[in-house]
Amino acid sequence: MSMSPRLPYYQLAPKAFQALLNFSGAVRKDLLGARLTDLVLLRVSQINGCGFCIDMHWRDLIKLDADPRHLNAVAGWREAPFFSDRERAALNWAEAVTSRSHHATSDEEFEKLKAHFTNEEIAELGFCIASINAWNLLNLGFRNPIPEKG
């Protein structure tokens with residue numbers, strides 16, 4: 001199977017691309033925290049297998065002075081000691097929503113989330129997860145390549 005790019009979707013549909021950029025930019029990192037937001041973006045991208053987004057959000061976290069060892073453990077966050085209870089709740093919710101897109105999340109999962117987040121934060125987290133899923137689908141479908149240099 002070829003992994004060469006299929007087409008430059010961002011150039012061919014500039015209005016939709018800009019709208020998705022604006023949607024993603026509207027997620028309130030100031031409310032959720034930049035580290036938490038990027039951890040969620042990284043984890044969802046890992047689940048979806050989007051190399052372009054994994055690379056981008058890993059680099060964003062490095063710019064926030066995240067320890068590379070901690071970032072390498074994001075896929076195994078349940079066993080890793082590097083994450084706060086708040087981060088664990090967000091990562092769990094991101095996985096539940098992303099992995100079970102055709103099934104409802106449980107009340108138990110939602111209650112775990114509510115123990116660490118306000119309703120406003122939960123709403124913002126939902127939009128954060130929705131936006132990265134959209135980017136992942138576009139980048140995977142059109143094979144947007146990982147840049148050689150960051």
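What lysines does Lys112 reach when the alpha-carbon gap must be under 23 Å and sequence neighbours fewer than 8 apart in one chain are set aside?
Of all the lysines, those that pass the test against Lys112 - Cα under 23 Å, at least 8 places apart if same chain - are Lys29.
About its Cα centre, how strong a charge dipole does the chain have in debye, to the nearest 20, once Lys and Arg get +1 and Asp and Glu get -1 at the Cβ?
540 debye
Which one, Pro81, Gly33, Leu20, is farthest towards the positive end of the dipole of the chain when Lys and Arg carry +1 and Asp and Glu -1 on their Cβ?
The residue sitting farthest along the positive end of the dipole is Leu20.
How do Val97, Val27, Val44 line up, fewest other C-beta atoms within 10 Å first?
So the residues, fewest neighbours to most, are Val97, Val27, Val44.
Roughly speaking, what is the centre-to-centre gap between the stretch 41-94 and the stretch 7-25 when only Cα atoms are used, to the nearest Å?
25 Å
Would you mind ranking Glu108, Glu124, Glu79 so that the residue whose beta carbon has the fewest other beta carbons within 10 Å leads the list?
The order, fewest Cβ neighbours first, is Glu79, Glu108, Glu124.
What is the order of Thr118, Thr98, Thr37, Thr105, fewest Cβ neighbours within 10 Å to most?
Values: Thr118 10, Thr98 20, Thr37 24, Thr105 15.
Fewest to most other Cβ atoms nearby, the residues stand as Thr118, Thr105, Thr98, Thr37.
Please work out which option in (i) 11, 36, 29, 17, 7, 1, 0; (ii) 11, 40, 36, 12, 1; (iii) 10, 31, 29, 22, 7, 0 gives P(r) over Cα pairs in 10 Å bins from 0, in percent calculated from these coordinates, and answer with its label.
(ii)
Go through the chain and flag any cysteine with no other cysteine's C-beta closer than 4.7 Å, please.
Cys128
Tell me what the chain gives for mean residue ellipticity at 222 nm when only DSSP H runs of n ≥ 4 count, each as -39,500 (n - 2.57), the sum divided by the residue total, rounded to 500 deg cm²/dmol.
The helix-only estimate for the chain comes to -20000 deg cm²/dmol at 222 nm.
No lab work stands behind these numbers, since they all come straight from the coordinates. Keep in mind it's a predicted model, so treat the numbers as computed, not measured. Methodologically, a virtual Cβ is constructed for each residue, glycine included, from the backbone with ideal geometry; neighbour enumeration extends over all protein chains shown.
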